[in-house]
1. Inside the stretch B:3-111, counting only strands (runs of 3 or more DSSP E) that do not spill past its ends, which hold 2 or more residues that are within 14 Å of chain A (Cβ to nearest Cβ), in contact (Cβ under 8 Å) with a residue 12 or more places away in the chain and within 14 Å of the chain's Cα centre (by Cα)?
2. Look at the stretch A:74-87 and say how many of its residues are at pLDDT 95 or above and surrounded by 15 or more Cβ atoms within 10 Å (Cβ to Cβ).
3. Among residues belonging to the stretch A:23-70 that are among the charged types (D, E, K, R) and touching a Ser or Thr at 6+ places or on another chain (Cβ under 7 Å), point out the one that is nearest to the other protein chains (Cβ to nearest Cβ).
4. Going through the stretch A:102-114 one residue at a time, which ones are under 17 Å from B:His45 (Cα atoms) and either of a type in the set (Lys, Arg) or surrounded by 21 or more Cβ atoms within 10 Å (Cβ to Cβ) (or both)?
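The values are calculated or read from the model by the stated rules, or taken from the named source; none is laboratory data. In this text, all values refer to a predicted model and were calculated from it rather than measured experimentally. Counting neighbours? That spans all protein chains shown, and the Cβs are built from the backbone with ideal geometry, glycine included.
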Amino acid sequence: SQTIHQWPATLVQPVGSPLSLECTVEGTSNPNLYWYRQAAGRGLQLLFYSVGIGQISSEVPQNLSASRPQDRQFILSSKKLLLSDSGFYLCAWSVWEGASYGYTFGSGTRLTVV
Amino acid sequence: SQQGEEDPQALSIQEGENATMNCSYKTSINNLQWYRQNSGRGLVHLILIRSNEREKHSGRLRVTLDTSKKSSSLLITASRAADTASYFCATVRGGADGLTFGKGTHLIIQP
């Protein structure tokens, strides 16, 4: 079966500290991978997406970066966190289902920068 | 950037009533999807409607799409307390460049 793992579920980090959030998928090959962020009470904003190993597209300029070292691994990083990086981060993947892409979301990581 | 705009932003109704949420978008789309998010959790896919479809049903859910008005509606019939959640529409232009979400409607079903 196809699953997506995202961890940790919650994270509290001081301003200026580094960040690494990891997302892995199982049960599929060559998925498209995505990182979204949701600020409190808001919708989801696409941060990065990747259509293959080493291929990263950035949707918004920011303090974050993403990497895809393996086919089913997507990492969100920051060298120095800002207060404004707080939010709910969701990883997702999509695969072609014949007529459109089907999307599956992870359970999310709630990041609080203090 | 966010394309969809849901209204209302918040909706509170009594259990058993029908709940209607609307979504508007700006660009041409391949399909439109509705998702549900329980407080502080991940998103659950509810229903997808393609750009050449006008209405779709799934259980107590009914989705309509009007591409001429660039709008969609989600109707939940016979609401239950467990339907309390935030509901988001998301559009797909085509390709693998992801979903574009609206800001969501927070639905509260009062028992």
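1. Per the criteria, B:5-7, B:19-24, B:31-37, B:43-50, B:85-92, B:105-110.
2. Matching residues across the stretch A:74-87 total 5.
3. So the first thing to find is which residues in the stretch A:23-70 are among the charged types (D, E, K, R), and the list is A:26, A:37, A:42, A:59, A:68.
From the residues that got through so far, the ones that are touching a Ser or Thr at 6+ places or on another chain (Cβ under 7 Å) too are A:26, A:68.
Numbers: A:Glu26: 16, A:Arg68: 13 Å.
The qualifying residue nearest to the other protein chains (Cβ to nearest Cβ) is A:Arg68.
4. First pass over the stretch A:102-114, keeping only residues under 17 Å from B:His45 (Cα atoms): A:102-108.
Selection gives A:Tyr103, A:Phe105, A:Gly106, A:Gly108.
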